[in-house]
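Student: Questions regarding the structure given below will be posed in turn.
Values quoted throughout were computed directly from the atomic coordinates according to the rules given, and no laboratory measurement underlies them. Predicted model, so just to flag it, every value in this text is computed and none were measured. Glycine gets a Cβ as well: all are built from the backbone with ideal geometry, and neighbour counts include every protein chain shown.
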Amino acid sequence: MLENMITFYRNSGFSVTEISATSFLAKKTGSNFIFLKYTDYYFVTLEENLSIEKINKCHKKSKENANKDFKLPKALRFSVPNINSVFITENNISKEVISCVRKRNIDIVGGQQESIFILDKSNYQLHSAGKELSHVSGRAKLIWGNKKEFTSLNGRNRSFYLMDKLTQEIFS
């Protein structure tokens, strides 16, 4: 399964670095406009016994590793890291773990986005916080309505759709 995922990320334009026999990093830099640069990080780990503590520990380490690439403090960044921790498991996942993953992680300082995903091989499911809708105000409501889903501008949505595509490819 890891080899299929590595191939998927490479075919999607990511550079892939193997960390160990059960984990790797997929990284891609891009921009939505000239001044809105981003780097997508996917820290992928094969983990048979998931717990909230293990997820939080691994995700914290993912954020620390990604932030090493940035010299400016988070609040001053023009380039925003989009940090994703992806866990693959075949074992049953507790309701508490699923609930933890479905919560949005929002850094109040800003300067980064982050998400956690679980690929549940036993049930052929992807667990995550899902898509994010932006509230629209002013005249833009005439065009977009009250809410707008930015699929590539929003890092969380970009990650959600990539992981959804990966899940469909892996489980088909």
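Student: Taking the Cα centroid of region 1-66 and of region 156-172, what is the distance between the two, rounded to the nearest whole Å?
Tutor: Region 1-66 and region 156-172 have Cα centres separated by 13 Å.
Student: Now for a separate question. Could you tally the net charge around D40, taking each other residue with its Cβ under 10 Å from the Cβ of D40, Lys/Arg +1 and Asp/Glu -1?
Tutor: That sum, taken over residues with Cβ under 10 Å, equals +3.
Student: For the residue pair F78 and I19, what label-to-label distance in nm results when each label sits 7 Å from Cα along the Cα-to-beta-carbon direction?
Tutor: It is 3.0 nm.
Student: How much length, in nm to one decimal, is gained on full extension between N11 and S94, taken as 0.36 nm per residue of separation minus their Cα-Cα distance?
Tutor: 26.6 nm
Student: Another question, then. Can you tell me which of 161-168, 40-47 comes out highest on packing, and rank the rest after it, using the mean Cβ neighbours within 10 Å?
Tutor: Highest-to-lowest ranking by the protection proxy: 40-47, 161-168.
Student: While we're on this one: Straight-line reach from K95: which lysines fall under 23 Å, measuring Cα to Cα and dropping same-chain residues less than 8 apart?
Tutor: Reachable lysines: K54, K57, K60, K103, K121, K131.
Student: Is the C-alpha gyration tensor of region 1-57 telling us rounded, prolate or oblate? Criteria: a/c under 1.5 is rounded; beyond that, a/b larger than b/c is prolate, otherwise oblate.
Tutor: In terms of gyration-tensor shape, oblate.
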